[in-house]
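Engineer: Let me give you the structure first, and then I'll get to my questions.
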Amino acid sequence: MAQALELVCVLLLQGSAQAQIPIQCANDVNLDSGECCPVFWGDGSPCGKDSGRGTCQQVVDERAEAGTVDFRVRWPSYFFHRLCVCKGNYGGPDCGECQYGWQGKGCQKSRVVVRRDLADMNAAERQRFVNALHKSKVTLSKRYSIYVSESSVPNSRRSFQRATAFNVANWVHYLTSKTLNQANQLHFAHRSTAFPVWHRLFLLFLESEIRNVTEDDTFFIPVWSWAGKSNCDVCTDDLFGNSGSDGGLTGSIFRSWEVCIRP
Ligand SMILES: *[C@@H]1O[C@H](CO)[C@@H](O)[C@H](O)[C@H]1NC(C)=O
């Protein structure tokens, strides 16, 4: 299952650049100016400056010289050199959200999310979890768009591809797993000490994308503890599905999932 979800089939042209970009900045004007300081809806000012949430600042001296480095190395300077720098626990591209682990109007109340074990959740709770995952797989992300360019030269033909919330997260995972152009061995999130830390953050990202499209702020990703288990007790039709003889799923809602992000 996990492996199937990680499979994103995309054709990547040599030297091309593709990345997730906040929707507010996914346009030629922002990319050309190198600035991504979206207006916070709550007060109409860039980065929520008027509410003391953050300010638009130069974060790198200049944009990374296109084509000379892999655009992930000094993320996001390949695209932007001016960004919202949020104060306190404010977060998000426009400082309009709270950072993970915080809530409330001023983002000063800590937020503890209990990751329950799937095994302890009743049928209705499991169904809710599966439905939320599915909704994120079929609903376009309201926050990110995927930048697609046929080459890493800045003014080459580029476009923005909307993707579903789950696929945006999937894309992030995929991008991170791609090796660097120059140093083939380096792998950002896997096969290294970064694995647990990177994936913790990744799951928080996925969780927040799911909360956003389901409009369910109580959604959480449960844990599955396999300790002492000799078979896959979540490989059932009401959860992740069982493998048939052809390797496909015999049932479950995930049977309908497409695992390719299509250009
Ligand atoms: C989802 O994200 C969009 C874009 O940031 C925002 O306008 C909207 O209010 C969010 N919805 C929820 C339910 O958080």
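Engineer: Taking region 1-40, which residues are hydrophobic (A, V, I, L, M, F, W, C), outside any helix (DSSP H, G or I) and either modelled with pLDDT under 55 or away from the ligand (no atom under 16 Å from the Cβ) (or both)?
Structural biologist: Met1, Leu7, Val8, Cys9, Val10, Leu11, Leu12, Leu13, Ala17, Ala19
Engineer: Which pairs have Cβ atoms under 7 Å, sit 6 or more apart or on different chains, and link a residue in region 85-102 that is touching a residue at least 12 places away in the same chain (Cβ under 8 Å) to one that is within 11 Å of the ligand (Cβ to nearest atom) and open to solvent by 70 Å² or more (accessible area, probe 1.4 Å)?
Structural biologist: Pro93/Gln24; Asp94/Gln24; Gly96/Trp41
Engineer: Further, regarding this structure: Of the residues Asp50, Asp43, only one is open to solvent by 20 Å² or more (accessible area, probe 1.4 Å), away from the ligand (no atom under 15 Å from the Cβ), outside any strand (DSSP E or B) and modelled with pLDDT of 95 or more; which?
Structural biologist: Checking each option against the conditions leaves just Asp50.
Engineer: Do you know which of the residues in region 150-188 that are over 22 Å from Trp257 (Cβ atoms) and open to solvent by less than 40 Å² (accessible area, probe 1.4 Å) is modelled with the lowest pLDDT?
Structural biologist: Once the filter is applied, the top-ranked residue is Ser152.
Engineer: Could you please give the count of residues in region 75-96 that are buried (at least 21 other Cβ atoms within 10 Å of the Cβ) and within 11 Å of the ligand (Cβ to nearest atom)?
Structural biologist: Summing the residues that are buried (at least 21 other Cβ atoms within 10 Å of the Cβ) and within 11 Å of the ligand (Cβ to nearest atom) in region 75-96 gives 3.
Engineer: Kindly check whether there is at least one residue in region 99-116 that is touching a strand residue (DSSP E or B) at 6+ places or on another chain (Cβ under 7 Å), more than 16 Å from the ligand (Cβ to nearest atom) and under 19 Å from Phe166 (Cβ atoms).
Structural biologist: Scanning region 99-116, I find at least one residue that is touching a strand residue (DSSP E or B) at 6+ places or on another chain (Cβ under 7 Å), more than 16 Å from the ligand (Cβ to nearest atom) and under 19 Å from Phe166 (Cβ atoms), so the answer is yes.
Conditions tested, residue by residue: (1) of a type outside the set (Ser, Thr, Tyr); (2) assigned to a loop (DSSP other than H, G, I, E, B); (3) closer than 27 Å to Tyr144 by Cα.
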site: Val213; (1), (2), (3): yes, no, yes
site: Trp226; (1), (2), (3): yes, yes, no
site: Asn231; (1), (2), (3): yes, yes, no
site: Phe240; (1), (2), (3): yes, yes, yes
site: Asp246; (1), (2), (3): yes, yes, no
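Engineer: Looking at region 22-46, I want the residues that are closer than 12 Å to Pro76 by Cβ and have a partner that is away from the ligand (no atom under 16 Å from the Cβ) and open to solvent by 60 Å² or more (accessible area, probe 1.4 Å) with Cβ atoms under 6 Å, at least 6 apart or on another chain. Which pairs are those?
Structural biologist: The qualifying pairs are Gly34/Arg63; Glu35/Arg82.
The values are calculated or read from the model by the stated rules, or taken from the named source; none is laboratory data. It should be emphasised that the depicted structure is a prediction, and the values quoted were computed from it without experimental measurement. All Cβ positions, even for glycine, are placed from backbone atoms using ideal geometry, and neighbour counts span all protein chains on display. Just the protein is used for accessible areas: all its heavy atoms, side chains included, with ligands, DNA and RNA removed. Shrake-Rupley method; radii C 1.70, N 1.55, O 1.52, S 1.80 Å.
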